[in-house]
Every structure is written in structure tokens, then in C-alpha cells.
1. Which whole number in µm²/s is D for segment 1-100 by Stokes-Einstein, with the Kirkwood Rh taken over Cα pairs at 25 °C and 0.890 mPa s?
2. Remind me, relative contact order of segment 129-197 in percent, using alpha carbon pairs under 8 angstrom and six or more residues apart?
3. Residues of segment 168-197 with amide nitrogen under 12 Å from the 7 Å Cα-to-Cβ point of Y154?
4. Pick out, from C87, Y6, A62, the residue whose Cα sits farthest towards the positive end of the charge dipole of segment 1-100, with +1 on the Cβ of Lys and Arg and -1 on the Cβ of Asp and Glu.
5. To the nearest 0.05, how large is the calculated FRET efficiency for A19 and S43 if R₀ is 35 Å and r is the Cβ-Cβ distance?
6. Over the Cα atoms of segment 129-197, how large are the radius of gyration and the largest Cα-Cα distance (Dmax), in Å?
7. Working out 0.36 nm times the residue gap between E124 and Q176, then minus their Cα-Cα distance, what length gain in nm do you get to one decimal?
8. How long is the gain from E137 to A11 if the chain were fully straight, where each residue apart is worth 0.36 nm and the alpha carbon distance is subtracted?
Amino acid sequence: MKRAEYEGLDARILSLAHAGRRREACALLVESYGGEILGTCISRVGDAALGEDAAQDAMARALVGLEDYRGTAGLRPWLHRIAANRCVDLLRSRTSRRRHTAPVTELDEIRAPRIPSPLEVAEEKSEQSTRLGAVREALANIKEPDRTWVELHYTHGVAYDEIAESAGLSRAAVKQRIWRAVKHVRAALAARGEVLS
């Protein structure tokens, strides 16, 4: 979608919300941005179920705040910020719970080993998984909001201008911070013997 299309979509969603037509605004918001937010959340937390929880909660929080939304950069960056914050909150609470509770394993929770696939597929999958884990680990060390900007730009194709407008910074400043973040990710991967193309 192009920026003008997002602006038209956002205006439609906001007008529905301000007119008190919350169900329609909700349906259009989820239809338009739900998949993207879900993908971002799953990518950030590294777990499909937890990512779904984060995305659902982020969309619910956005819906509550939709009538009071006064941003100028559009709903997309605003939704990604809400989602990023929710992912951080869930990961923190998950880590905190792990520290305070002893692991309990029941027989129903123990899974039988998976039947291995052909060797080539297994090796490729392992390499991809290792590489994805390394990228996630490297991205986790990038401070906010730079991490979100990297994800918005490279994963979702959000232009530097849009991110800059949302952040209240110049295009050059945002581009430089994203470049530095990518440089740090590449350095972290290089230290592990990985190369980011």
C-alpha cells in the first residue's frame, strides 16, 4: 500500500471511531493492520502463541485509544509502537514468572520426538532457524525505538519519511539511526560467523 492509501484508510477508520461506529472501526482496523501486527509480535517474541496474545492485546489497546487518537503520522506507526511495548511487557512478565516459579512437567506436556524429515530439509531448516535466532538475538540488543524502526523499514517496507514524521525527527536522522542499528546487527552476526546479506 502507498502512503496516500494508508492515509485514506486511517481517515476512514478514525471517522468511524469518532462517529461512534466502533464495531465498524474495529473490523476495518483489524482487517487492515491485524496481520502485520501479528507478524511483528510473533517475530519479536519468537513464539506463535505468545505473539498472538501480544497482537490481540495490542489491537485491543489500540481500539480503546482510537477515539482519542490525535497523532499525525498515521495509525500504522502508532500500532507498531503499541505492539512493540506489549511484546516487551509480555517478555518481561514471562521472564519474571520463570524466576519465581519452579518448573513443573506433567506427562501430558512431554512431547514425543518428531519424525525427522530428509537430511537436506533438516539441515536447511536448522541453518535457517539458527540464522533467524541469531538475527533475533542481535536485534534484541538494539535499543528502542531504533529496533522498531529497523523492523518497520525492513520487514514492513515503511519509508524513512514516514518513520521520521512519526518520530518528529528528520529523514536523515532516522536513516542514520537505522543504518547504525543494522551495522550493529551485522557486527553481532559477523562475531558469530554469520553474514547478513
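None of the figures in this text is laboratory data; all of them are computed from the coordinates on show. Computed from a predicted model, the values in this text were never measured in an experiment. We place every Cβ from the backbone using ideal geometry, glycine too, and count neighbours over all the protein chains shown.
1. Numbers: Rh = 14.0 Å.
The calculation lands on 175 µm²/s.
2. Relative contact order comes out at 36 percent.
3. 178-190, 195-197
4. Final value for the positive-end residue is C87.
5. Working: r = 34 Å, r/R0 = 0.98.
Calculated transfer efficiency: 0.55.
6. In Å, with Rg to one decimal and Dmax whole: 12.3, 37.
7. Stretched fully, the E124-Q176 segment lengthens by 15.3 nm.
8. 41.7 nm
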